[in-house]
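First comes the structure, then the notes that go with it.
The values are calculated or read from the model by the stated rules, or taken from the named source; none is laboratory data. No experiment lies behind these values; they were computed from the predicted model shown. Neighbour counts are summed over all protein chains in view; Cβ atoms, including those assigned to glycine, are modelled from backbone coordinates with ideal geometry.
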Amino acid sequence: MTHVPPSPEPFDTNSAALLALRACDDIDSLHDVRLAYACIEKLVDPQLAIDSEDVYPIRTELSALMRLVNEELQRRIETTEATMQSLRLAVDKVNAAPC
């Protein structure tokens, strides 16, 4: 008896549109990371560049670096706040439990 693979689920165009939108956002994010990396590279090793534009980070590179740092900082703050809220709820639950 041969194994017949299950038929694929119907293609959801809404999901495809959302995935395409997410892919575009991800690509923009990758561009920001590349710019931030170029900024850091120029700050760390400026002697390798001959042209002054290659030595000093440009505004868009610095902006990308700051944006990435801010986004990561915000993500970590939100994670910490969520952890603290969970801890508070757990402590309250223990305190409310009858002895």
Worksheet item: Residue check: is Val4 modelled with pLDDT under 70 and of a type in the set (A, V, I, L, M)?
Response: yes
Fill in: Residue within region 54-72 that is modelled with pLDDT under 85, out of contact with any Ser or Thr (no Cβ under 8 Å at 6 or more places or on another chain) and either polar (S, T, N, Q) or assigned to a helix (DSSP H, G or I) (or both) present
yes
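How many residues does region 66-83 contain that are among the small types (Gly, Ala, Ser) and within 11 Å of the chain's Cα centre (by Cα)?
So the answer is 0.
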